[in-house]
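The values are calculated or read from the model by the stated rules, or taken from the named source; none is laboratory data. The structure presented is a predicted model; accordingly, all values stated were derived computationally and were not measured. No Cβ is skipped: glycine too gets one built from the backbone with ideal geometry, and neighbour counts run over all protein chains shown.
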C-alpha cells in the first residue's frame, strides 16, 4: 500500500515538473526567452525560409509594399510590439486562410485577399494575425497542449496505480486521443477570441472604420464552394465564423464609432491582378460560385479590364447552362475589343463563334489569334479550323 | 472444390475508398448531362481480352444512361482525337514514347471543344486499367491460403459449411491486382468525380507458389459488377437530386 502512495507521489512530482506557465506576457515585456520558445523560434525561422523560397509565393513588389504599409500601421498601435521586423507573404492558393509565425511572418492566401473588399477589412485580418504574434500565442498553445498531455498522463498513472492495471496509462496518456484534440480546439478558441479583440483595437488605433471589421468573417462565410469539399486550409479550426462575426458585432457596438478610413478603391486597385489570378485558380478547380464572385468584383471596377471579360467568358463556359455559349462569345468579343493584342481572347472568341456557326467571323478571329501568338502549340489545329471555315459550302 | 473456393475468394474486393466527388456533388448533377467516353486505356501486362473491353463500355454506358445522361461512345472520341492529334503531327514521340505536354494539352482541349460543338458534351470520362502491387494480409486455412482485405477473422459460407479464415497479421504480403480507375472531367480538365477499384487479382497462391490467373478469369463477366460499384456514389447523387425534384414540383405542375 505504501509503495502505491510513493508511486503516486513520484507521478505528481513529475507532473509538477512537466507543467509550464501559460501566463505569458506580450513580446515587448522584456522577459528572457525560455528554451522552449527559442526552439519554437528556430523551427519558425526554418519555416519562414521555406516560405520565402516557395514557388507559390506571389512576387509583386507593389502589392508587397502596400500590404507591409497597412501591416505597419496596424502594428504601430499594438501594445507589446517590439522592434522586430514583420514580414508579409502572399501565397497563391484559392483557399481562405491566413496565419502568423512565432517570429512575425504573416502568410496571407490569395483566396482570402480576393474576398476582402477594402483596406479596413485587410487591417482587421492583419491586426488579428499580428496579435497572435505579439501575444506569443504559439508558445502559449504549445505549453497548454503539453500541460494538458501531462495532466492526462498523471490521471492515467493514478488510475493505473489505484486499480493496479497499466492499461489506463496507455488509454489516458495517448497523445492522439480525440478528447485531447477537443480540449486543444477549446484553447485555440480562447486564443482566437483574444486575438480578435487585440486586432480590433489595433485597427481602430490605426484609424480604420471598425464597422467594416465584421465583414472579414462574413466574407469567409460565403465560401459556398469550400463548404462541401474538403479545404486543407479552411478556417474550420477557428471558432465558427458565425460566432466570431457575433463577437465583432459586440465589439463594434461597444466602440460606438461612426467613422474612420475604409480604403475601398486603394485596396481594389492593389489586389486587381491578384483577384484575376485567383479567378483563374478557382476556374481551374471548377469552383463555380467563388469564381463568379471574383469575376463580379473585377467587373465592378470603374474600367473593367479585357482580362475581366475574358474570365467572364471562361466562367460562362464553366457554368455550362443553355445560354452559356452565346454569353461566353459575347464576353470574349468584349475582351478582344478592349485589348486587340489579347491572343487568348481572340482565340476563345474565334472558337466560340465557330461553335455558334458564325463561320466568317470565326475564321477572322482565329486568324487574328494565330497572328498574335504564332508559337501557340495548337496553331496547326487553329489553321485547320480556319481552312474548314473558309472552304466554300458543299 | 478447392479451386472453386480459391476463385471465389480471390475475386472478393474491398469497398471503394476516398473522396470520389472533387466538387460539390450537386454541381456535378446540375452541370453534367452529356458525357463522352474516352477509349479504355489498357495498361496491364498481358492486355485484357478485347471482348471484355467492349463489354465494360456497354456496362458503363448502360449505367450512365440509367442516370439520365446521354453518352457519346468512345469511337467518336477516338475519331475526333485522332484527327486533331494528326493535325499536330502526333502527340507522342515515336522514339521515346513520351507525350509532348503542350501538344497533348492542346489536343485534349480541342477534342473536348469539338465534342462539345458536335454533341453538346459537358464532361469526358477517362478510364484505364493498370496492374499494381497491393499489400494484403495472408490468411490460411489448412493448405488453402488467401489474401484478406483487412485484419481479423472472416467467416465464409460455402456449400453450407462455414470456414473460418484466420488472418495472420505477422505476414503481410503483396499481390498483383488489376485496378480500374475512372475520371469524370470538365472542359478545363478538372476532375469532378473519380474512382479506383480493384477488379481482380491477377495471381493466386497455392502454398508457397504464385500462379498467374488466366485473363478469362480476371476479366470474367462477373467482374462487371466493379464498374457498377465504382459509379455507386454518382448514382446516389443523381437519385438524391431526382428525389428532391419530385418532392419539390415546379409551380406549373
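Listing for the model above:
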quantity: Residue B:52 away from chain A (no Cβ under 14 Å) and either farther than 12 Å from residue B:39 by Cβ or touching a strand residue (DSSP E or B) at 6+ places or on another chain (Cβ under 7 Å) (or both); calculated: yes
quantity: Meets criteria (crowded, with 17+ Cβ neighbours inside 10 Å, more than 14 Å from chain B (Cβ to nearest Cβ), more than 23 Å from residue A:345 (Cβ to Cβ) and at pLDDT 95 or above) for residue A:233; calculated: no
quantity: Matching residues in the range B:86-98 - criterion: being within 11 Å of chain A (Cβ to nearest Cβ) and not in a loop (DSSP other than H, G, I, E, B); calculated: B:86, B:87
quantity: The range A:347-362, residues that are closer than 16 Å to residue B:113 by Cα and either within 36 Å of the chain's Cα centre (by Cα) or away from chain B (no Cβ under 13 Å) (or both); calculated: A:347, A:348, A:349, A:351, A:352
quantity: Pick from the range A:369-388, criterion closer than 20 Å to residue A:317 by Cβ and more than 10 Å from chain B (Cβ to nearest Cβ), ranking: surrounded by the fewest Cβ atoms within 10 Å (Cβ to Cβ); calculated: A:373
quantity: Out of B:23, B:71, sole residue that is touching a strand residue (DSSP E or B) at 6+ places or on another chain (Cβ under 8 Å) and at pLDDT 95 or above; calculated: B:71
quantity: Some residue of the range A:264-278 being touching a residue at least 24 places away in the same chain (Cβ under 8 Å) and either closer than 17 Å to residue B:187 by Cβ or in a loop (DSSP other than H, G, I, E, B) (or both); calculated: no
quantity: Some residue of the range A:313-332 being closer than 30 Å to residue B:26 by Cβ, touching a residue at least 12 places away in the same chain (Cβ under 8 Å), more than 36 Å from the chain's Cα centre (by Cα) and part of a helix (DSSP H, G or I); calculated: no
quantity: Complete set of residues in the range A:290-309 that are over 17 Å from the mean Cα position of the chain (by Cα) and not in a loop (DSSP other than H, G, I, E, B); calculated: A:292, A:295, A:296, A:297, A:298, A:299, A:306, A:307, A:308, A:309
quantity: Answer residue from the range A:216-230, given it is assigned to a helix (DSSP H, G or I) and surrounded by fewer than 19 Cβ atoms within 10 Å (Cβ to Cβ) and is modelled with the highest pLDDT among those; calculated: A:218
quantity: Answer from A:361, A:344, A:348, A:384 - the residue that is over 25 Å from residue B:91 (Cβ atoms), touching a helix residue (DSSP H, G or I) at 6+ places or on another chain (Cβ under 7 Å) and modelled with pLDDT of 95 or more; calculated: A:361
quantity: Pick from the range B:63-74, criterion surrounded by 14 or more Cβ atoms within 10 Å (Cβ to Cβ) and assigned to a helix (DSSP H, G or I), ranking: farthest from the chain's Cα centre (by Cα); calculated: B:74
quantity: Filter result for the condition that a residue is closer than 28 Å to residue A:209 by Cβ, touching a strand residue (DSSP E or B) at 6+ places or on another chain (Cβ under 6 Å) and at pLDDT 90 or above, over A:70, A:74, A:106; calculated: A:106
quantity: Matching strands (runs of 3 or more DSSP E) fully within the range B:99-193 where at least 1 residues are within 14 Å of chain A (Cβ to nearest Cβ), at pLDDT 50 or above and in contact with a strand residue (DSSP E or B) (Cβ under 7 Å, 6 or more places away or on another chain); calculated: B:123-141, B:161-185
quantity: Condition check for residue A:175: assigned to a loop (DSSP other than H, G, I, E, B), at pLDDT below 90, farther than 21 Å from residue A:50 by Cα and in contact with a helix residue (DSSP H, G or I) (Cβ under 7 Å, 6 or more places away or on another chain); calculated: yes
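Okay, residues lined up against (1) under 30 Å from residue B:176 (Cβ atoms); (2) more than 14 Å from chain A (Cβ to nearest Cβ); (3) at pLDDT below 90; (4) part of a loop (DSSP other than H, G, I, E, B):
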residue: B:42; (1), (2), (3), (4): yes, yes, no, no
residue: B:47; (1), (2), (3), (4): yes, yes, yes, yes
residue: B:61; (1), (2), (3), (4): yes, yes, no, no
residue: B:83; (1), (2), (3), (4): no, no, no, no
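Matching residues to (1) within 14 Å of another protein chain (Cβ to nearest Cβ); (2) buried (at least 16 other Cβ atoms within 10 Å of the Cβ); (3) under 27 Å from residue B:101 (Cβ atoms); (4) modelled with pLDDT of 85 or more:
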{"position": "B:1", "(1), (2), (3), (4)": "no, no, no, no"}
{"position": "B:6", "(1), (2), (3), (4)": "no, yes, no, no"}
{"position": "B:9", "(1), (2), (3), (4)": "no, yes, no, no"}
{"position": "B:76", "(1), (2), (3), (4)": "no, yes, yes, yes"}
